[in-house]
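First comes the structure, then the notes that go with it.
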Amino acid sequence: MRPVIYSVWEVLPARVLIPNAMLLIFARLCILADALFLAWSVPMSLSSLAGPRGYRLGVLAAFAIALPALGFGFFADDYLHFTAIRGQNDIASPCDIYVFGTGDEEQMRPYLETGPYPWFMDSYFKAHFFRPLSSLLMTLDYRFFGFFSPAYYAHSILWYLLLCFGVMLILRRSLPPAVGVLALFLFVLDESHALPVSWWSNRNSVVAVALGFLGVAAHLRWREDHWRPGLPLSLAAYTGALLGSENGLGPLAYVLAYELFAARGLPWVRFRCVMPAALLALAYFILYRMGGYGARFSDIYIDPGADPLRYLAVAPFRFVMLSGAQFFMLPCEMILLRPGLASLFVVLGACALAIVALALRLVWPGLDAAEHRALRWLIPGALLAVAPSLAAIVTSRVLLSSSLGGAAIIAVVIVHSWRLLCEGTAPPAVRRLLRPLMHTFLVLHLGVAALFWPGQVLVIRGVMHHLNGIIRSSEIDEARIQESQLVIVNAPDPYTGLYPVMLRYFDGLPQARSWWTLSIAPFAHRLTRIDDRHMELEIVGGQLFTSPMERLFRSARRPLRPGDYRDLDGLIITVLETGGAGPSRMRLEFAESPESDRYQILVFLDGGFRRIQPPSAGETLELPYALP
């Protein structure tokens, strides 16, 4: 449970998690039991599960492990997507839901002046993703099920079953039965899959990769069995995958790797066979660019097509961090809470890669021809499949495509480490490395990973209810909300600072005339009254843009400088001082006196948003930082 529980524990008050303490203790006891049981029994049982029975059980396990998703509920971006589906969002539509920013200043101006976007967002910020199939499926969810979330997640589970079925077809054809069945179980239980299945907004990844892997399976059958329908079926599946999301490029990477490194035939034959998929990918890229999709002016989302040099600069570090998450479940998401930990996770990820590479080198001579051939394309396929994900925020949930190759690598290391240990022919130094690595892989990927699925649902659901409760309990004068311009001085975290408007739409509540969040920086704040219409807001000991969610909306290459201002039609915010990352002191110029009925000013204090009377001229209000 460490990667999820420990990271959340640091940012939430104990009362959120203490009621579940007994469950957590039980989970840790289960981990210990796994360590003792799995290390002894799993390798022994591979022979009994090898073959069709094992593959069927693997797909059945996918259904069982995903069931906790039924209780997840809605969260974060889900509320934004509902505004698009219900026609409450002018920049998105029911068939084009994934629009967070258009890059058009005039289009985005109303969302800066009235909310929900923060004033410090770049006016030309763009995050617009081509996901029409996923958008349509989400719209159909709402049309058929209203707000009954379990039905949404039953739909997601069906896609996960289809995804695991596609993986089964690939592994059954590529690897010996014992290794293939183990790799399927490792893939099915992979904890990085929990959020894509359990979060409605992230289902697009499951849809795209499921269709993509079915296409890979059809391509393999076409090439190796000369099954003529395989080519058109694979192209149809790839098309569906790319309409699902850009994650559909991941499975296409395996097709390229297969034809380059493992397919039989002369080079020109391989070239001819990979061309249909390659031309489809090229057509997708051209359509993506011509349609204006992609990201711009963000430090989190980097568009490789629009900014290739910057992508190449950050990709190696993100790749290494994600490698640690793939093989040893290192919680790379921690850098979202503590950005200073990025260097540590780069080092740990590099160590993880070195250990796995060494283990592969030690077991490689004992692999049979089928395993050699499979790994020759599954390993480079996984490396290429992760490339599109390196353009996004660093979280393990982007590993859906590459975890196919990762599962194959881990399965081969487990099976052949067991063989070497049983034969007793390996040198003592080799046994000292392989024995703990094999046990670690078994415990992590078959034991702890299985606990992560309900664990993540439990923790994130608790977080969701806690943060939504803070927003819903805000001290707002609802009687005059539609005439008010709300000023949130110091939101304690990005969620409570950015999502209130969408949550109110979801709840069917009337909207404020404007909703302005001045700061989501995790520091104390100082609000000083200057005169009748002017105040100053100082971030004590800190500045904006020190957290990843702030950098989502503005690139460091387009910083805010002293003198820059934003006119929000009722409030002008002017930057007075900046630090190394962003503004540290701002002037607030109100169109009328802040005491007027035009405004409602809220601060985060004593665990909630409290409405205040502005300080008098010359007075200062100290706002200590507190976790939500």
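The values are calculated or read from the model by the stated rules, or taken from the named source; none is laboratory data. Small disclaimer: the values here were computed from a predicted structure and weren't measured. Note that we place each Cβ from the backbone using ideal geometry, even for glycine, and neighbour counts take in every protein chain shown. These area figures cover heavy atoms from the full protein model, side chains too; ligands, DNA and RNA do not enter into them. Shrake-Rupley method; radii C 1.70, N 1.55, O 1.52, S 1.80 Å.
Note on H465 and R558: their simple-model spin labels are 4.1 nm apart, each label 7 Å out from Cα toward Cβ. Taking 0.890 mPa s as the viscosity and 25 °C as the temperature, the Stokes-Einstein diffusion coefficient of the stretch 357-460 based on its alpha-carbon Kirkwood radius rounds to 160 µm²/s.
The peptide list 181-192, 409-420, 444-455, put in order of mean Cβ contacts within 10 Å with the highest first, becomes 181-192, 409-420, 444-455. If only the Cβ of Lys and Arg carry +1 and only the Cβ of Asp and Glu carry -1, the dipole of the chain around its Cα centre is close to 2740 debye.
The fraction of accessible area contributed by carbon and sulfur in the chain is 65 percent, rounded to a whole number (1.4 Å probe; ligands and nucleic acids excluded). Cα centroids of the stretch 212-289 and the stretch 507-526: 47 Å apart. Taken over the Cα atoms of the stretch 56-112, the convex hull encloses 121 Å³ per residue. Dipole of the stretch 55-125 computed with +1 at Lys/Arg Cβ and -1 at Asp/Glu Cβ about the Cα centre; of G87, F75, Q107, farthest Cα towards the positive end is F75.
The simple spin-label model puts a point 7 Å past each Cα toward its Cβ; for L57 and L136 those points are separated by 4.0 nm.
Here the gap between H372 and F147, fully extended at 0.36 nm per residue and compared with their Cα-Cα distance, gives a gain of 76.1 nm. For the chain, the pair-distance distribution built from all alpha carbon pairs, in bins 20 Å wide starting at 0, is 18, 50, 26, 5, 0 percent. The residues of the chain expose on average 39 square angstrom of accessible surface per residue, using a 1.4 Å probe on protein heavy atoms. Against the chain, whose longest principal axis comes from its Cα atoms, helix 267-290 is set at around 10 degrees. Axis of helix 249-261 versus longest Cα principal axis of the chain: the two differ by about 30°, to the nearest ten degrees.
Surface listing: D141, D90 arranged by accessible area from highest to lowest gives D90, D141, probe 1.4 Å. Ranked by solvent-accessible area (1.4 Å probe, protein heavy atoms only, all chains present), the residues L171, L195, L509 order from largest to smallest as L509, L195, L171. In this view, the solvent-accessible surface of T83, computed with a 1.4 Å probe and all protein chains in place, comes to about 10 Å². Distance from the Cα centroid of the stretch 568-607 to that of the stretch 84-154 is 27 Å (rounded to whole angstrom).
For the stretch 124-248, the dipole from Cβ point charges (+1 on Lys and Arg, -1 on Asp and Glu) about the Cα centre works out to 260 debye, to the nearest 20.
Taking 0.36 nm per residue of separation and subtracting the Cα-Cα distance, full extension of the segment from Y124 to W268 would add 47.3 nm. Residues of the stretch 541-573 with an amide N closer than 20 Å to a point placed 7 Å from the Cα of R526 along the Cα-to-Cβ direction: 541-546, 562-563. The simple spin-label model puts a point 7 Å past each Cα toward its Cβ; for A313 and D104 those points are separated by 3.0 nm. As a calculated quantity, the FRET efficiency between S596 and T620 at R0 = 22 Å, using C-beta atoms, amounts to about 0.55. On a 0 to 90° scale, report how tilted helix 203-225 is relative to the longest principal axis of the chain, with both axes built from alpha carbons and the result rounded to the nearest 10. Long axis of 203-225 versus the principal axis of the chain: about 20 degrees. Run through the stretch 531-628 and list the trypsin sites (Lys or Arg not before Pro) located in a DSSP loop whose Cβ has at most 12 other Cβ atoms within 10 Å. For trypsin sites (Lys or Arg not before Pro) across the stretch 531-628 that sit outside H, G, I, E and B with at most 12 neighbouring Cβ atoms in 10 Å, the list reads R557.
State the extension gain, in nm to one decimal, for the chain segment bounded by S93 and F285, taking 0.36 nm per residue of separation less the distance between their alpha-carbons.
66.9 nm
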